[in-house]
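Data first, discussion second: the structure below is written as structure tokens.
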């Protein structure tokens, strides 16, 4: 009953689709070796930037943090359902961040000549995040309904 009422709200549908695609993206990255890929690049990126030291991560910590984050995002579904300026701004900002993430995986794969970890789920993430951003921007900033 609660779920059927939630799914009548198009913003909730957009949100749940995006959070689900984020979860699938994390699974894709976990199965295709994202952590070693990331750790190899932290040294290069840190040297290139010079002033920022990007720490490497271990798989368990990375995965645990992302699972906790995804659970929190799913719990925010009830806040998305209520609407409001703050959640609309948060949802739109997260959607933009996920669009950038997906594009980095796709464009990075094209330019590197091989499929980067997380590539397979990136098109789905791009579409669902785009839908959240479109919903967030289309009705003004007063409510997310």
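What do you get for the angle between helix 85-112 and the principal long axis of the chain? Use alpha-carbon atoms, 0 to 90 degrees, nearest ten. Value to nearest ten degrees: 30. Entry note, the chain: the mean residue ellipticity at 222 nm calculated from DSSP H runs of n ≥ 4, each adding -39500 (n - 2.57), is -25500 deg cm²/dmol after division by the residues and rounding to the nearest 500.
Computed from the Cα positions only, the extents of the chain along the three principal axes stand at 48, 29, 28 Å, in decreasing order. Descending by average beta-carbon neighbour count within 10 Å, the peptides 114-122, 34-42 line up as 114-122, 34-42, the highest first. Just want to confirm a number: the relative contact order over the chain, from Cα pairs under 8 angstrom separated by 6+ residues, in percent. Reported relative contact order: 37 percent. Helix 122-138 against the longest principal axis of the chain: what's the angle in degrees, Cα atoms only, rounded to the nearest 10? Approximately 40 degrees, to the nearest 10.
Against the main long axis of the alpha-carbon atoms of the chain, helix 10-31 sits at an angle near 20°. For the pair residue 45 and residue 103, a Förster radius of 22 Å applied to the C-beta separation gives a FRET efficiency near 0.80, rounded to the nearest 0.05.
Where a number appears in this text, it was derived from the coordinates with a stated rule and is not lab data. The structure displayed is predicted, hence computed values, not measured ones. Because the Cβ atoms are built from the backbone with ideal geometry, glycine has one as well, and the counts that use them run over all protein chains shown.
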